[in-house]
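The values are calculated or read from the model by the stated rules, or taken from the named source; none is laboratory data. All of these numbers come straight from a predicted model, not from anything done at the bench. Backbone-built Cβ (ideal geometry, glycine too); neighbour counts: all protein chains shown. Areas reflect the complete protein model, heavy atoms only, side chains present, ligands, DNA and RNA absent. Shrake-Rupley method; radii C 1.70, N 1.55, O 1.52, S 1.80 Å.
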Amino acid sequence: MTGWRRLTSPRPYRFLTCTAAVGALLMTGCGGLPGASGDSREPVTVMTWAPNGSTGPDAANMAGMTAMARAYARWVNNNGGLDGHKLRVVTCNEGDTSVGAGNCARQAVKKKAVAVVGSYSRHGQAFMAPLEVAGIPYIGGYGASEEEFSSYDSYPVNGGQPALLAGNAKQLARGCERVSVVRPDTLAGDNQAWLLNTGLKEANRPAATDVRAAEAATSYDEAAGQALQGAGTADGCVTAVLGDRTETFFDSFRRLEPSYGDVRISSVLGSVDQPLIDRTGGRDSPFEGAYVAGWYPDAGDARWDEMREVIRKHAFGDNRIDPDDTGVQTTWIAYTALKQIVAAIDEPEITAGKLTVALNRGAPVDTGGLTPVLRWRFKDMLGSSAYPRIVNRTVTFQVVRKGRLVAENKKFVDVTETLSDASAKG
């Protein structure tokens, strides 16, 4: 199985007839019209997909990602395109279903997309196979599916939930004598607990109290009680990784907490983010004081200023785009990567094969400090059996203060050792 593809042949030159009508546009005598010569830049078509308006209590809604992709295209095309190529963005509503994910992937093939960029789907088994068959690279996915960190056609910009959990363990180990982890009662939840415990063990902390919880519960009183007992009454911490149900858990937790003493709470981005904090009361939300591990700098960091300016000028008031949303931020970083890879290729026509070759050969991507410099050579990857395609093995430590997620530490924290240990021993 290989990610290499035969490159398509250049398109034949088009010949122009010299006439008086166009003579004024020619440089000298009979030549090529501007934009029509053999050196002209062909448009670059890509796709971005995400669930948009999905219904159901556990359905994801990441409409901001596709909206961000369109705003990015308007901005970049107003500023010369991608290295002179007009950017065409095709979007698809993935619907948060495997059928929808597969349909979006097949649409990407049909539309002759050269890449899928900055997208969200939990259904990697459905979308990755069609992309692999067509040789279409998947650049900068949100990291919601395991296949994004194993497929040879995937080029992730973050370390997904594994990196967040490894970072969360390091964050908790600094000040928590005892930790309880509340996670789904699933195989994926088993892996979450293993990762967290691997990080705690490296810091010479005892294993966390493992609290299994139903994914679709409407109340978590029993799980909250178990977590509080496990954390103890002094220097204890409770971390919950329940996705959209994390809010429900901490509602139950806060009702019980006064009878147990002061316990620090924690989670990871994706389970807790700024929009959720705003929605649940800001500084009066149940997340005030919480530790949170993230992939990128906090939303108030100056490194996001360019993205915010693009949203202000080119989103036309589209309220689906929240610059504090991790999905929107991931799409921005993914398109930043695409722009730099296209510039590195520096050819009149960009194909999926050429992108794949440039990515595999290690064309560097500088995201302006939003991540470390990214490269996808074999030697840049984690290479573990569980997460072979991870190249960004860093996280950020954040904390909720006065209703805002702010940096606890401005530096990126490397979690390579925890990811490698968890993969080797799991």
Q. In segment 307-422, carbon and sulfur make up what percent of the accessible area (probe 1.4 Å)?
A. 49
Q | Label-zone membership for segment 343-379, site Y152, 7 angstrom Cα→C-beta point, backbone N under 20 Å | A | 351-363, 375-379
Q: Name the shape class, rounded, prolate or oblate, that the alpha-carbon gyration tensor gives for segment 67-107, where a ≥ b ≥ c are the square roots of its eigenvalues, rounded holds for a/c under 1.5, and otherwise prolate holds if a/b is larger than b/c and oblate otherwise.
A: prolate
Q.
Test of understanding: what is the full-extension gain from R174 to K86, defined as 0.36 nm times their sequence separation minus their Cα-Cα distance?
A. 26.8 nm
Q. Using 7 Å Cα-to-Cβ label points, what is the Q125/V373 separation (nm, one decimal)?
A. 4.0
Q: For segment 150-256, run through the trypsin sites (Lys or Arg not before Pro) and keep only the ones in DSSP coil with at most 10 other Cβ atoms within 10 Å of their Cβ.
A: none
Q.
Give me the extension gain from D235 to A302: residue separation times 0.36 nm, minus the current Cα-Cα distance, reported in nm with one decimal.
A. 20.8 nm
Q.
Quick check: pseudo-label points 7 Å beyond the Cα along Cα→Cβ at R283 and N204, how many nm apart are they?
A. 3.9
Q) Suppose R0 equals 45 Å; then what is the FRET efficiency for F316 and K410 from their Cβ-Cβ distance, rounded to the nearest 0.05? A) 0.85
Q: Project the alpha carbons of the chain onto their principal axes and report the range along each, largest first, in whole Å.
A: 90, 45, 39
Q) Counting only DSSP beta bridges with both residues in the chain, what percent are antiparallel, rounded to the nearest 5? A) 30
(Q) Distance cut-off 26 Å, Cα to Cα: go down the list K112/K379; K339/K402; K354/K379; K110/K354; K111/K379 and report the pairs above it. (A) K112/K379; K339/K402; K111/K379
Q: In nm, give the distance between the simple-model label positions of R361 and D346, each being 7 Å from the Cα along the Cα-to-Cβ direction.
A: 1.1
(Q) Taking the Cα of T186, stepping 7 Å toward and past its beta carbon, and measuring to each backbone N in segment 73-97: which are under 12 Å? (A) none
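Lys and Arg at +1, Asp and Glu at -1: add these up for the other residues within a Cβ distance under 13 Å of N158 and post the number.
+1
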Q. How large is ³J(HN,Hα) for each residue in segment 282-291, as worked out from phi by the Karplus curve 6.51 cos²θ - 1.76 cosθ + 1.60 (θ = phi - 60°), to whole Hz, x for Gly and Pro?
A. x, 5, 9, 6, x, 9, 4, x, 6, 7
**Q.** Rg to Rh, two decimals, where segment 359-426 supplies the alpha carbon set and Rh follows Kirkwood
**A.** 1.06
**Q.** Debye log10 I(q)/I(0) at q = 0.09, 0.10, 0.19 Å⁻¹ for segment 295-426, Cα point scatterers
**A.** -0.34, -0.42, -1.19
